[in-house]
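Peer 1: My questions will all concern the structure given below.
Taken together, the values in this text are just the output of simple stated rules run on the coordinates, not laboratory data. Since we're looking at a predicted model, the values are computed, not measured. Every residue, glycine as well, gets a Cβ built from its backbone with ideal geometry; the counts of neighbours run over all protein chains shown.
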Amino acid sequence: MSEIYRFKIFSKFRELKHIVTKRDEEKALDNSLALHTGEDTAQILKNREGIERFMDMDIVVADQIHGSNIEIIDESGSRGWRDRRSAVRDCDSLITDVRGVSVGVLTADCLPILIYDPINVVVGATHAGWRGTKERIIYKTIERMVENFGSNPRDIVVGIAPSIGGCCYEVDFNVAQHFLGYRGACRAKIGGKYMLNLVEVNIAQMVEIGVAMENIESSGICTHCDFHNFFSYRKTSCSGRFISLIGVQ
């Protein structure tokens, strides 16, 4: 598929499959994959068909709520893929060790983070907006992998997909105050505003729990700047979402 972004850090694991989709003007709704934003369901499902063929495995997505709830998927079968009713409820991070099952998150500025423990063969997909980042969702997700699967954070590899960058993410003090303790995460502006870099905050939380810096790959792509290729709600108030998926065959 041409309309995808891939991480180099995952390429050495032949059993691993992942995808980060892009906007595509040749597809319906610019290749939006969201069932929860009021777009035409039939068109979204048609777009999802190509992703399902590419992944060639069950796909599980959640009804994301910008929180820090984490769900472990322990059985085969797609959820939330062909209809929203079957999605994992009230959840922003999914973990599974079931082969043939991929987990994913839908975003349009928030951080999509894909995780792989190659020793215990466990994958995770985390949706980290500012609220989830404040509640340390990526730290808690890796903590759950340690507790439930015996993962060693030093073995874990991570891909941070495109999201709004510190160049464009302007917030007020009510948001910024939660991240002032992270070096380089907030840059004050005249007028009481701040430029917030959530990628740096999430990287700091992963390093804190023991993930090695050399095992973290960030796309370096800002969705607000590159809105032609990735949906950005802040830039265009779009209803579209792109998906970041990961699974083991």
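Peer 1: Report the chymotrypsin sites (Phe, Trp or Tyr not before Pro) located in region 1-48 that are in a DSSP loop and have at most 14 other Cβ atoms inside 10 Å of their Cβ, or state none.
Peer 2: Passing sites in region 1-48 are 13.
Peer 1: Follow-up question, since we're still on this one. Lys pairs in region 1-91, Cα-Cα under 21 Å, at least 8 apart or on separate chains: how many? Write down the numbers at each step before the final one.
Peer 2: On the way: 8/17; 8/22; 22/46; 27/46.
Value for region 1-91: 4.
Peer 1: Further question on the same structure: Is the shape of the chain best called rounded, prolate or oblate, per the rule: a/c under 1.5 gives rounded, else a/b larger than b/c gives prolate, else oblate, with a ≥ b ≥ c the square roots of the Cα gyration tensor eigenvalues? List each step's numbers first, then the result.
Peer 2: Numbers: a/c = 1.64, a/b = 1.12, b/c = 1.47.
Note, shape of the chain comes out oblate.
Peer 1: Continuing with this model, one more query. So for 82, 144, fewest C-beta neighbours within 10 Å to most, what's the order?
Peer 2: Working: 82 15, 144 18.
The fewest-first ordering by Cβ neighbours comes to 82, 144.
Peer 1: What shape does region 1-126 have by the C-alpha gyration tensor, where a ≥ b ≥ c are the square roots of the eigenvalues, rounded means a/c under 1.5, and otherwise prolate means a/b greater than b/c and oblate the rest? Present the calculation step by step, with values, prior to reporting the outcome.
Peer 2: Details: a/c = 1.60, a/b = 1.22, b/c = 1.32.
The shape class here is oblate.
Peer 1: Something else now. Identify which of 109, 117, 226 has the largest mean-square fluctuation in a Gaussian network model of the chain, with springs joining Cα atoms closer than 10 Å.
Peer 2: Highest fluctuation of the listed residues: 226.
Peer 1: Still on this structure, please answer the following. Taking 0.36 nm per residue of sequence separation and subtracting the Cα-Cα distance, how much length would be gained by fully extending the chain between residue 63 and residue 239, in nm to one decimal?
Peer 2: Length difference between fully extended and current span is 61.8 nm.
Peer 1: Test of understanding: in a Gaussian network model of the chain with alpha carbons linked when under 10 Å, which of 196, 180, 33 would top the mean-square fluctuation ranking?
Peer 2: Of 196, 180, 33, the Gaussian network model singles out 180 as fluctuating most.
Peer 1: Still on this model: Extending each Cα 7 Å along its Cβ direction at residue 217 and residue 28, get the distance between those two points in nm, one decimal.
Peer 2: 3.3 nm
Peer 1: To continue, here is another question. For the chain, which longest stretch is free of loop sites, where a loop site is one of the GluC sites (Glu not before Pro) that DSSP puts outside H, G, I, E and B and that has at most 15 other Cβ atoms within 10 Å?
Peer 2: 76-249
Peer 1: Ok, one more. Just to be sure I understand: with springs between alpha-carbon atoms less than 10 Å apart, which residue in 129, 192, 210 has the highest mean-square fluctuation in the Gaussian network model of the chain?
Peer 2: Among 129, 192, 210, the largest GNM mean-square fluctuation belongs to 192.
Peer 1: Counting only Cα atoms, I'd like the Rg/Rh figure for region 116-233, Kirkwood definition for Rh.
Peer 2: 1.00
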